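Before any comments, here is the structure.
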Amino acid sequence: IASLTVRRGQLKASLTRFVTYVRSESRDIAQIEVRRSKIEENWNEFQEDFEELYFKIVTEANKLINATEKKDINEMVLSGENRGDADLIQPQAMIKLPALDIPIFSGRYEE
């Protein structure tokens with residue numbers, strides 16, 4: 001992350017120099033094109049580095065979350081077996097609810 005912070009500072013300084021040059025009185029279109037090209041290269045490089053770090057840390061976070069969830073499930077199963085609680089291990093039976101009598105709308109506003 002520190003290297004990205006330094007790189008961001010360098011990119012910002014480069015962008016500031018580009019803005020200053022574009023807004024200056026003595027500017028040359030050919031130089032503006034070259035400088036713009038360099039700014040775009042720098043931006044793309046920074047974006048790639050940032051994306052790489054982003055995907056790496058998100059993957060690491062997901063692995064930690066999955067490992068913790070598996071550990072919690074295993075602990076629940078083991079504690080259920082030790083106590084003999086079948087409710088924690090086996091799903092409960094589905095309860096049948098009574099049918100609802102819903103009135104049918106005929107299309108009249110008076111109803």
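Values in this text are rule-based calculations from the coordinates and carry no lab data. Note that the coordinates shown come from a computational prediction; the quantities given were computed from them, not determined experimentally. No Cβ is skipped: glycine too gets one built from the backbone with ideal geometry, and neighbour counts run over all protein chains shown.
Descriptive notes on the structure:
- Three-way shape label, the range 2-84, alpha-carbon gyration tensor, a/c 1.5: prolate
- Axis angle, to the nearest 10 degrees, between helix 2-23 and the longest C-alpha principal axis of the chain: 50 degrees.
- Put a dot 7 Å past the Cα of L78, heading toward its Cβ, do the same for S106, and the two dots end up 6.7 nm apart.
- The modelled label-to-label distance for the pair K63/T5, using points 7 Å beyond Cα in the direction of Cβ, is 2.5 nm.
- Relative to the dominant Cα principal axis of the chain, helix 29-83 is inclined by about 20°.
- By the count of neighbouring beta-carbon atoms within 10 Å, fewest first, S26, S3, S14 end up ordered S26, S3, S14.
- Taking 24 Å as the straight-line reach from the Cα of K70, the lysines in range (excluding those fewer than 8 positions away in the same chain) are K56.
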